[in-house]
Every structure is written in structure tokens, then in C-alpha cells.
1. For the pair A84 and N444, how long in nm is the line joining their label points, each one 7 Å along Cα→Cβ?
2. Please compute the net charge surrounding V80, taking Lys and Arg as +1 and Asp and Glu as -1 over other residues with Cβ under 11 Å from its Cβ.
3. Can you check what the net charge comes to around R100, using other residues whose Cβ is under 14 Å from the Cβ of R100 (Lys, Arg +1; Asp, Glu -1)?
4. Rounded to the nearest Å, what's the spacing between the alpha carbon centres of region 96-123 and region 378-421? Just the number, please.
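Quick note: the coordinates plus some simple rules give every number you see, no bench work behind them. None of the values given here were measured: they were computed from a predicted structure. All Cβ positions, even for glycine, are placed from backbone atoms using ideal geometry, and neighbour counts span all protein chains on display.
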Amino acid sequence: MMSFTTLMRVVSGVVWGSIIASTNVALANVASLPNLTRTTSAITTLDDVYLLGPGDLIGIDVFNVPEYNSEQHVLANGMVNLPAIGQVLLVGLTIPQAERAISDAYHSKIRYPRITISLLAPRQLRIAIAGEIYRPGVYTIPVNEADQFPTLVDAIQLAGGVTQTADLEQVRIQRSLENGDTQSVVSNLATLIGQGDLQQDISLRDGDAITVSPTDEIDLRASNELATSNLATDEEEAISVVVVGEVFRPGTYNYASRRASNQSVAVGNDTTANTVQQPGRLTVTRALRLAGGIKPLADMRRVEVKRTTRSGESRTISLDLWQLVETGENNQDLVLQTGDTIFVHTAVSANPEQISRLTATNLSPDTISVNVVGEVEQPGTVNVVANTTLNQAVLAAGGFNRRAKEETVELIRLNPNGSVTRRVIEVDLAQGLDSESNPIVQHNDIVVVDPSAAARLSDNLGVLLNPFLQILPILNFAN
């Protein structure tokens, strides 16, 4: 007759075998599901089951056989050394599968083995991350003391953050399953930033591969949101940008936020200055000021930023900085990243009022240099504010002297293409801003004030009479 203890062991074995069989069926059903791809929400469709691998520390409990209980590290060959039976291969198995494998191994020693495995210390995770990331590559990420696995955001931050060309709605994670298949899912991190959707921050597993795709079209508002988030690159990293077009000092500029740096800033071929340092990230308007400010003929409605993705593709971002001047639309002030090129177009037509408003903004230089020569009280170079008119430049040089021809002056302008423009302008000191009679002067303009007809006649007579005036003292001495 069967004893009560033996009967309980039989019942327990049957029940335990049924549980294991049910678990295996469920796992098989999960493994047979097709790969799922998500584009809007990231309620994880990844198989979140942990697969054992080298470096894992597990606890093995054999029911009613305490001498077989042990803590084991999964070895480099994927094996564990168990009491009484030796090595068992566990690499790539889930916890229930590992329990079944050990149970099968103990059948020769125990009639109805019941095995419980607990994960005591997970191994470090090896993660690959590529695409629009600051430092793409392979990273080893430890599991924290609370056995919380690193997440997608943790991996992105470890890799230095995403670039400004990243498409946060298309961050793909690929994961290997226990049956050898590969499953992928797309996380929409834009909803994490904009709405705080933590479900997008998927927990990672060993061997996961993350790809951050480039965006086809850069949205200015989304780009600025990204720049202020903790997914962006470190703002203290020095970046290099190029500024060309209608600016006073086109060239390459290095910019570093906050932190002191010994790097040099390259302006054309000049590499003597230190890196420019200001609080906050480098934006288009800051870059324009670094380049000496915009010229009066800059077309603020046509400012372009050329940006290159990690794959070498080019993106052109069109900005309308006139909206920033008129309505304060700061979304137009794009946050820059290293390698960007800013091009400021020349305005095809600009009226004096627009030029005056533009030169009065902080996008223009604080002062410009104008050469006022001829019949003024203080001829030479004068430094005036950027929106100074011709009349004001003449007055800055002391105004006309008594020999000046006050009716007209000559304005000589050196154009960017190397040509020279000469204009004779009728002067009226009571005239306000006018493109014909009182235009705004530009940097390095030359204003020539000619002598009056009487002064010119006096000069000519002086030239004619000068030889005679020189011999008069000699004749007086002879007499």
C-alpha cells in the first residue's frame, strides 16, 4: 500500500509537470507570433522574457533536497556545474526552460524533481546603438542593484544623446528570441517628451540593437523640444558651424556652452581666438552674431541651414527670421548641431523702412566703420551704430567745415563681388531716412565731401600764385 508521503510526491509531480507543460505551450505560442511593428504607441510588443547567458548569477532550489541547493554563475560556455550531476547547458533559455532542463538532468537522481530558479544578479547587457546618435557603437550597461534593467532612454543618454536630425517617432529596437527569431518594435519617443508616455521607454535586454532613423523633414517646434530634453546631446560639447552669405565675418566658428575650453575658433584662416563661450545652446541668431551680424541687405526671410545626417544625406531647413523680428516667433531660431552650415541670402529688393528695422535689431553689429573724408571738421574713420544714415555719418565726423560743398556728397561703396558703386547724393540735413537723399550707410562705406566752388577757386589761385609768392621775399630783400 502506498504511503501518504509517496502519494503526495506523485500528486505534486503530476501537478508540477502539468504546470511546466502549460508554461511550455504558452511560450511556444508566444514564439510563434509574427513580428509586430508599432509606429504610434509603444505598449511593448517585444518578448520581455529574460534569456540566461554567461555572467548571470542564479539560485537553484531543489524541493526537499536541500543538499542540492546552490548558487551558480552561468559560465562562459553557457553551462552551470550542479551537485551530483555535473554540467547543464542553460545559455539562451528562459527561467522556466532552465528549470525544466535541470529537472530532466536530476531525473536519474530524484524520482520527481521540483526545481525553482531565481535570478540573483543579472549579467551586464551588451547593447548596439546606431543611426542619428552622437556616439554610435556597442555599449555595456550594468543592471542596477534593484535588478531594474536599463531602458531605451538610458542607452541613448549613454551614447551621448540623439542628433537634431533624429526621428524620435521611429526609434527601432531589434531583439533575438529564444527560438532564434528576431523581433522588432518601433518606439515613439516624441510622445515621451511631449506627453510623458513612459511606455515608450522600453526595458532592454542583452543583445538588443537600437536604430535611430533620420527624419525626412525637420519640424522646427519638435527640434526645439528635442534640444531642451535630456535625449539631446550634451550642451557643453563644443560644436563647429559655418556661416556664409550676408554677414560681416563669414567663416567657421566653434562654440562651447558654459565649460571653459582651450580649443580655438577658426574665422577664415585665423585660429588665434579662443572658443566662444556663452550659456545655453548655439542657435541660428547666436551664430549670426558670432559672424559679426547681418548686413543691411540680408534677406531674413530666406535663411537656410544645411545639415548632414549620419548616413551622409543632406537636409535643408528654411527659416524666416523676419517672423522672429516682427512677431517674436522663436521657433524660427533653430538649435544648431556640429557640421551645420548657415547661408544668409541677399535681398532682391528692400525698402529703407525694412533696412532700418533690420539694422536696429541685435542681429546687426553694434557699430560699423564709415570713412568720411574731405571737407569735414574731423575727417577719417568714424564708428557709428548699424542703422546710421548718411547725414548722421557726416555729423559724426564733425559736420561740414567752411570750405565744404554742402549741396552734394559722394558715396563710394565696396560691394562683396569686388565691384565699386559711386553715387552723388544731394544732401539735405533736415531730410529723414530716404533711399535716394539720405540712405543708410554700410560698413566700410566712404563718404567724400568735396570743397565748394569758392574753396576750389581759392585753391586754384593759390596753386597759380604760389611761385610768385615764394619769390616776393627774395625781391624785397634785394631792394
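1. Result for the modelled spin labels: 9.3 nm.
2. Details: positive: none; negative: D56, E71.
Once positives and negatives cancel, what remains is -2.
3. Numbers: positive: R114; negative: E99, D104, E178.
Spelling it out: positives minus negatives among the neighbours equals -2.
4. Each part's Cα centre sits 93 Å from the other's.
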